[in-house]
Each structure stands twice: as structure tokens, then as C-alpha cells.
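The values are calculated or read from the model by the stated rules, or taken from the named source; none is laboratory data. If you're wondering where the values come from, they're calculated on a predicted model, not measured in any experiment. Cβ coordinates were reconstructed from backbone atoms using ideal geometry, including for glycine residues, and neighbour counts include every protein chain displayed.
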Amino acid sequence: MNNSGIAIYDIVHSFSLSLEDILIISDDMDLPFGKLRLRKSGSDGGHNGLASVIYHLDSEDIPRLRIGIGRTESQDEVSWVLSAFSREEEEHLPEIIDNAAKALFLWANEDIEIAMSKIN
């Protein structure tokens, strides 16, 4: 995942896509669990996968949908991100996935500003 920018670069260039034609979906420890945030550009926010995408596409103007996973005090960041969901979190996953899918369809079918106003 930390080198995902290589694959994204290949896809963008192979299909002659503009950056507005792609949506990067990533987890985000700075958002509460299940919270969605759609942005049309921005920094990597410390996310290594997003940093790779920004580096390889040489731009921060890349639409992204961030899905909150929250933080924990009891584990280091890497262990937290790679750990299994708790039973309570698993119960909420269908709703979170459904909300993310709705956000994706809004992004694909609406102006990103309109989609952002509905999702954020």
C-alpha cells in the first residue's frame, strides 16, 4: 500500500486519465471510526500510500475519500492500522461500506463540490 502511487501512475497514464477522473480511497487515523471525508485536493496528511500517489502523480490535486479508523493509545500506529476490527467495529462495517459506496457514486455523478457538501 505504501507504494500504491506506482500502480495509480500506470493506470492514469495508460488510460490517459486526468487527475479529476480518479478517486483515491484511503483509511484515516485522524478521523473518527466510520467518518467519511471527501476532498478534491490536499496533502498526504502523513498517509504513506497517499504520499506515494502524490509523489508519482506530482500533484496534490487528486480527489480522495478518506474513511476514518480512529486512533488508539494502546498500540503504535502501524500495529493499529494492521490490526483486526473489534467485534463492535465489525458490526458497523456494512453501514460504513454502504456510505462509502454512496459517496463514490455521488462523486462519479455530481460535481465534486456538490458531493463534498453532501458527504462531509
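Some values worked out for this structure:
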| quantity | calculated |
| --- | --- |
| Residues located in segment 51-77, provided they are touching a residue at least 12 places away in the same chain (Cβ under 8 Å) and either on the phi > 0 side of the Ramachandran plot or of a type in the set (Phe, Trp, Tyr) (or both) | 55, 70 |
| Residues (exposed (fewer than 12 other Cβ atoms within 10 Å of the Cβ), modelled with pLDDT under 90 and over 25 Å from residue 63 (Cα atoms)) located in segment 84-120 | 84, 86 |
| Count of segment 97-120 residues which are assigned to a loop (DSSP other than H, G, I, E, B) and either of a type in the set (S, T, N, Q) or within 19 Å of residue 47 (Cβ to Cβ) (or both) | 1 |
| Pairs with Cβ under 6 Å, 6+ apart, first in segment 89-116 and on the phi < 0 side of the Ramachandran plot, second among the charged types (D, E, K, R) and not in a helix (DSSP H, G or I) | 112/40 |
| Enumeration of residues in segment 5-33 that are under 12 Å from the mean Cα position of the chain (by Cα) and farther than 14 Å from residue 81 by Cα | 22, 23, 24, 25 |
| Selected residue (criterion: nearest to residue 8 (Cα to Cα)) from residues of segment 55-96 that are in contact with a strand residue (DSSP E or B) (Cβ under 9 Å, 6 or more places away or on another chain) and in a helix (DSSP H, G or I) | 81 |
| Index of the failed condition, residue 43 passing every other in (1) surrounded by 12 or more Cβ atoms within 10 Å (Cβ to Cβ); (2) of a type in the set (Ser, Thr, Tyr); (3) at pLDDT 90 or above | (1) |
| Check on residue 80, of a type outside the set (Val, Ile, Thr), touching a residue at least 40 places away in the same chain (Cβ under 8 Å) and buried (at least 18 other Cβ atoms within 10 Å of the Cβ) | no |
| Filter result (farther than 18 Å from residue 77 by Cβ, in contact with an Asp or Glu (Cβ under 9 Å, 6 or more places away or on another chain) and part of a loop (DSSP other than H, G, I, E, B)) within segment 1-34 | 15, 34 |
| Pairs where the first residue, in segment 7-31, is within 19 Å of residue 60 (Cβ to Cβ) and the second is aromatic (Phe, Trp, Tyr) and surrounded by 12 or more Cβ atoms within 10 Å (Cβ to Cβ), C-beta under 9 Å, 6+ apart | 23/107 |
| Segment 68-77 - residue that is loosely packed, with under 12 Cβ neighbours inside 10 Å and under 16 Å from residue 31 (Cα atoms) and, of those, nearest to the chain's Cα centre (by Cα) | 77 |
